[in-house]
1. Among the helices (runs of 4 or more DSSP H) lying completely within segment 99-178, list those that include at least 1 residues that are hydroxyl-bearing (Ser, Thr, Tyr).
2. When you scan segment 103-110, do you find a residue that is crowded, with 20+ Cβ neighbours inside 10 Å and outside the structural domain of residue 26 (by TED's automatic domain parsing), even just one?
3. Given the conditions (1) touching a Leu at 6+ places or on another chain (Cβ under 7 Å); (2) over 16 Å from residue 126 (Cβ atoms); (3) not small (Gly, Ala, Ser), which single one is not true for residue 151?
4. For residues that are modelled with pLDDT under 80 and of a type outside the set (A, V, I, L, M), tally how many sit in segment 61-94.
5. Return the residues of segment 8-52 that are basic (Lys, Arg) and touching a Phe, Trp or Tyr at 6+ places or on another chain (Cβ under 9 Å); say none if nothing qualifies.
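The values are calculated or read from the model by the stated rules, or taken from the named source; none is laboratory data. Everything numeric here is computed off the predicted structure, so don't read it as measured data. Cβ placement follows ideal geometry from the backbone for every residue including glycine, while neighbour counts extend to all protein chains displayed.
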Amino acid sequence: MTEAAVRLSRLSPDERELLREALAVLFSGSFLVRAVEQHTKLYRFLLANFDAIEQYLAVAGWGLRKDETLGVISFTGPPSARLQLGIDDSSLLLVLRLLYEERAATVTLHGERTTLQHEVLERLRVLSGRSITKTRFVNSLQRFQTLKLIRVMGDEVDPETVIVLYPSIAFAVESTTIDEVIERIESYRPDAEPQAGADDENDDTDNGDPADSEAD
């Protein structure tokens, strides 16, 4: 029996339930985000047992990533675990990532980075040159909320609705500079010249790994 297995076998019933809940959240394609109230206890448990759980998952080809500064833990996995994103979703996610970086100096009293619905749509229109239907926009926001990338604080179609930008966005889309994020968004413009080797139909991301161009 491996050291990780021994350690996990010694968990109390309550701790085993925490492990089950934490893995269920991660396997659902989500992140564990310390800033999310429902995740706080699970995040702390997983962090305290990180090495043992990481070794245990590695047997099945899975991995864990953590950033204690951001307060995020995510899965890494095989290609079958990758989230498929179309151009609209990819463009929107990149805009949210850009806004997350830009809000670094303007966090709220609760330490959250926020934006407004109309700001998201305006940046999407200007940078990507694309319009998005109301239904598709709402569906995308709801999907990203389920993945714990954002929290929508009201009606998705209300221009003044506040959107909380979770640090997990920095895991979903890694970029070193704001200019790099803008460049990636602009690459989806209808009038942009396709890059060599890139597919202009779909993006995918690996529960926290940078999105790579790949057909759905």
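1. 117-128, 134-146
2. no
3. Evaluating residue 151 over (1) touching a Leu at 6+ places or on another chain (Cβ under 7 Å); (2) over 16 Å from residue 126 (Cβ atoms); (3) not small (Gly, Ala, Ser) leaves (1) as the failure.
4. Residues meeting the conditions: 6.
5. Correct list: 34 only.
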